[in-house]
Amino acid sequence: SNTQKEAHQLQHQRASTYPTMLYKDIDDGDEPWYEPQLKDFNNDSVRCPCVRVDDVFSPPFQQFFGFEYFNTVQSEVVPVVTCSDDNVVVAAPTGAGKTCVFEMAIVRLFSNALRHGSRTLPKQNKVVYIAPNKALCDERMEDWTRRFDALGLGIKVGLVTGDVWDTGEAFRNVASSHLILTTPE
């Protein structure tokens, strides 16, 4: 459809304005592999410009982030997280913004699902967040419930951890939630 073509063109235009990712091509014979080069983000000469949230996401998702610019680490991964279906692994120190990178991927999935004029997210759109402990799940549950509720799109956040004894309740929670928080237990 024209709407899908326009959305794809917009994503391509946005991606072309982002800093080029530093990848080196490693050919193993059959398929190319891409290995990210290490970057020293403390060195000003390799820092990419910070990307504006408004340049990446449309309303109402802009307000989800609560700040104007993504930081350097987040800006570096904007093209791959918001304009592709590639898998991403982010290894960065505590406080570098890894959770926000995950939130970018969540918002991309949800915003793509809502592109067709719907104001509510279909139940088949699901994201699973696995945290090492229940305390972190509880913290994310409180934060994401508040922030997604503020968008008014009916995005439901659910919590399923090892301390839930009623499997029927856990199943209903998974079935009705878009963002499922759980532990490996």
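Data table
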{"quantity": "Subset of region 154-185 that is among the hydroxyl-bearing types (S, T, Y) and closer than 20 Å to W144 by Cα - its residue that is surrounded by the fewest Cβ atoms within 10 Å (Cβ to Cβ)", "calculated": "S176"}
{"quantity": "Members of region 60-72 that are open to solvent by 30 Å² or more (accessible area, probe 1.4 Å), assigned to a helix (DSSP H, G or I) and in contact (Cβ under 8 Å) with a residue 12 or more places away in the chain", "calculated": "Q63"}
{"quantity": "Output for region 74-101, where each listed residue is at negative phi, open to solvent by 70 Å² or more (accessible area, probe 1.4 Å) and not β-branched (V, I, T)", "calculated": "D85, D86, N87, A91, P93, K98"}
{"quantity": "Those residues of region 146-157 which are under 16 Å from V174 (Cα atoms) and either part of a helix (DSSP H, G or I) or of a type outside the set (A, V, I, L, M) (or both), in sequence order", "calculated": "G154, K156"}
{"quantity": "Qualifying residue in region 137-145 (condition: among the charged types (D, E, K, R), outside any helix (DSSP H, G or I), surrounded by 12 or more Cβ atoms within 10 Å (Cβ to Cβ) and under 19 Å from the mean Cα position of the chain (by Cα))", "calculated": "no"}
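The values are calculated or read from the model by the stated rules, or taken from the named source; none is laboratory data. Remember, predicted model here, so these are calculated numbers, not experimental data. Cβ atoms come from the backbone with ideal geometry, glycine included; neighbour counts cover every protein chain shown. With ligands, DNA and RNA removed, areas are computed over all heavy atoms of the protein, side chains included. Shrake-Rupley method; radii C 1.70, N 1.55, O 1.52, S 1.80 Å.
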